[in-house]
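The values are calculated or read from the model by the stated rules, or taken from the named source; none is laboratory data. Just so it is clear, the model here is predicted, and its values are computed rather than measured. Positions of Cβ are generated from backbone atoms using ideal geometry, with glycine treated the same way; all protein chains shown enter the neighbour counts.
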Amino acid sequence: MSIEHTAEDIIQLTAEEIRDFKGDVDWDKINATTEEDIERQAHEDGDTTDIDESSITRHRGATYYRELRKRLGDLSHAEFARRLGVDEQMVVAWENSFVAPEGPAEVLLQILEREPEAVARALSARVA
């Protein structure tokens with residue numbers, strides 16, 4: 001099967017064609033690639049920008065948010081959302097990896113993970 005690698009062509013593929021497509025990826029080569037190889041290749045490509053890794057938001061995946069809800073007392077989506085001050089559908093979207101939390105929500109989640117009692121105290125004072 002001949003496939004053009006443009007978005008328009010890929011959109012026109014059937015589900016069966018997508019499942020059957022093997023591509024020309026050399027997975028052995030990819031799996032054997034070291035961090036040094038990646039750095040060398042980036043330098044060869046002219047991409048030598050240093051990245052401050054502390055500024056990168058890490059996507060945690062669906063199970064992270066579900067497990068955090070459970071660890072905090074088996075909270076429902078609605079209760080977890082209420083405690084965070086976000087819409088319940090946002091929590092569902094995080095758990096289904098549709099979107100990742102950003103900005104204040106991500107910061108609050110980090111605090112909630114590390115210091116759940118502090119968050120509970122602060123939010124109970126707000127509600128009271």
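Taking the criterion of being assigned by TED's automatic domain parsing to the domain that holds E113, assigned to a loop (DSSP other than H, G, I, E, B), of a type outside the set (A, V, I, L, M) and modelled with pLDDT of 80 or more, would at least one residue in segment 29-47 satisfy it? No: segment 29-47 contains no residue that is assigned by TED's automatic domain parsing to the domain that holds E113, assigned to a loop (DSSP other than H, G, I, E, B), of a type outside the set (A, V, I, L, M) and modelled with pLDDT of 80 or more. Residues that are on the phi > 0 side of the Ramachandran plot and part of a loop (DSSP other than H, G, I, E, B) within segment 68-108 comprise G73, D74, G85, S97, listed in sequence order. The number of residues in segment 74-128 being in contact (Cβ under 8 Å) with a residue 40 or more places away in the chain and surrounded by 11 or more Cβ atoms within 10 Å (Cβ to Cβ) comes to 8.
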